[in-house]
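Have a look at the structure below before the remarks.
What follows is calculated from the coordinates using simple rules that are stated; it is not laboratory data. Only a predicted model underlies this, so the values are computations on that prediction, with no experimental measurement involved. With ideal geometry, Cβ positions are generated from the backbone for all residues, glycine too; neighbour counts draw on all protein chains shown.
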Amino acid sequence: MAQSKVEMSDEQLQQKLDFLCKHMFANVITLTLNVQADPMLYSQLYDADMAAVARFVGAATASTSAMDFLCNPTIGAWSDANGRRKNLMLGPGVNAVLNLLLAALPKSLPSAFLVRIFASTANSISGTTSTAAAIMDLCQVKKDEKERGKLMLGTQTKMMTSAGMAVILGPAIGAAALARTGNPASVYFLKAIWSALHYLWLSNNFEETLKDEKKKDFDGSFKNPFNFIELFTKTPMLREVTIFNFLQCFGEGKCVNDLNQMWMKGVLDWDVQTTARWTVGYGVMMVVNGMAMKKLIPGVILPRSFVSLSCLMGFLALSIKGSIHDGMAYTLGLMVNTPAINAMGGGAIKAIGSKKAAQAGLGNADYQSKFANLRAIVYVIGPQLYLRIFAAQIARKQNPGAAYLTAALLAFAIPELLHRRWSDKDLE
């Protein structure tokens, strides 16, 4: 018993945290390998009816997010009782099996739909949700709150960089396989192999982060997925900060990715290689954003000023994308969007959300789980909303860029108006 209380060295702790960052890199590779293969497969199954493809992709993404929403609280409670290992291994295991089946068997809309939902849900459970819980387990070794916060911030920055690198490499590898074979099945087969290797790596190297004395009882019952309501009822400031962070989720990559892929294929008529280069550029901008935030805040620019800058640039970027149907303009929009890429520019307000939750009496893990389910609602609504607008505008022969203008309003214009209402004292 005395042995379990001996603290690990700083070097051992950092090695474990770096391992989790590598796991997130592998997880995001799995997520992004097939970003070009999916639209190609769906287009083949729908005989190139892009409006129908857009509706299908929106329904699949919304269904996946609904699964996340329903499962997150129960799986989180199970993990608190049984540890992180099985949850981290779930995604690679499920993706290895389902993507192999999709690659090998005859393709149909029902099979493509089901594989996308269950493979994506499993990957999501093994991704940010379980990894964040494991990171919290490890950072609790630091008893000093400032040291713990610094360690978590440094790990989050590394994870951001790892995810950005994966966003660069995943689409590039998938596009290379697709360009070589012209067959989406080759990408799903590659994804199955990658996931199997990821599973074996985790199985042989992951050391459980949740100590026995920290485990909680789990009665096996289904947990209420609407537990996030408390974020709106505790205090007025927690409610407003939650609304800001909720709306910013409408600009995250997971929310706009399907629209991006549909736009590049259906409006710009880009080939696989061009689409892959743009997606790689998105990953590069994520890495640049992470490095810039670390270097510039707070020495060069104050956190709140960076939030306002990111909202302005995000709004301009999406407005350019939605208004000018040209490849150069679309690439310009990506560059303008750098401060706001993946809605990362609002990070200061996300941190304040955790602080306001603590002031309201919520634990950090409790707050994170509640907000994760609130974010899942965005991932149900957002892609469906954007792709429905895109499909409706295509059918009417009107500007499909209305979908991007909607995203600009929801993710950046309204949050910045809310942000401007607050004084520095409100955020203390």
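Computing FRET efficiency as 1/(1 + (r/R0)^6) for Lys211 and Thr157, where r is the C-beta to C-beta distance and R0 is 22 Å, gives about 0.30. Taking 0.36 nm per residue of separation and subtracting the current Cα-Cα distance, fully stretching the chain between Lys107 and Met335 would add 78.4 nm.
I need the semi-axes of the equivalent ellipsoid of the stretch 9-208: take the C-alpha gyration tensor, multiply each eigenvalue by 5, square-root it, list largest first in whole angstrom. It would help to have the intermediate numbers written out before the result.
Details: eigenvalues 219, 60, 44 Å².
Calculated on Cα positions only, the semi-axes equal 33, 17, 15 Å.
For the chain, averaging the sequence separation of C-alpha pairs within contact (under 8 Å, six or more residues apart) and dividing by the residue count gives a relative contact order of 26 percent.
Proximity of backbone amide H atoms, modeled 1.01 Å from N, is registered between Leu210 and Arg84 at under 5 Å, excluding neighbours fewer than 5 places apart on the same chain. Just to check I understand the Karplus step: with θ = phi - 60° and J = 6.51 cos²θ - 1.76 cosθ + 1.60, what whole-Hz values come out for the stretch 243-255, glycine and proline as x? Once rounded to whole Hz, the list reads 4, 4, 5, 4, 5, 4, 4, 5, x, 6, x, 5, 7.
Among the listed pairs Lys86/Lys370; Lys214/Lys234; Lys143/Lys350, a Cα-Cα separation exceeding 25 Å is found for Lys214/Lys234. A Förster distance of 45 Å, applied to the separation of the beta-carbon atoms of Ser305 and Ala81, puts the FRET efficiency at 0.55.
Over the stretch 230-428, what relative contact order in percent results from Cα pairs under 8 Å that are six or more residues apart?
Values: 222 pairs, mean separation 72.6, N = 199.
Relative CO of the stretch 230-428 lands at 36 percent.
In the chain, helices alone account for a calculated mean residue ellipticity at 222 nm of -25000 deg cm²/dmol, with every DSSP H run of four or more residues adding -39,500 (n - 2.57). Between Ala351 and Asp18, residue separation times 0.36 nm minus the direct Cα-Cα distance comes to 117.7 nm. Ranked by the mean number of other Cβ atoms within 10 Å of their residues, highest first, the peptides 61-73, 26-38, 379-391 fall in the order 26-38, 379-391, 61-73. Taking other residues whose beta carbon is less than 11 angstrom from the beta carbon of Thr129, and scoring Lys, Arg as +1 and Asp, Glu as -1, yields +1. Along the axis of the charge dipole computed for the stretch 230-428 (Cβ charges of +1 for Lys and Arg, -1 for Asp and Glu, origin at the Cα centre), the listed residues Leu418, Leu312, Cys249 are led at the positive end by Leu418. Site pair Asp144 and Arg388 shows an inter-label distance of 5.2 nm when each label is modelled 7 Å from Cα along Cα→Cβ. Between the beta carbons of Arg180 and Ile324, assuming R0 = 56 Å, the FRET efficiency works out to 0.95 to the nearest 0.05. Partner aspartates and glutamates whose Cα lies under 15 Å from the Cα of Lys16, excluding those fewer than 8 positions away in the same chain, are identified as Glu7, Asp137, Glu207, Glu208.
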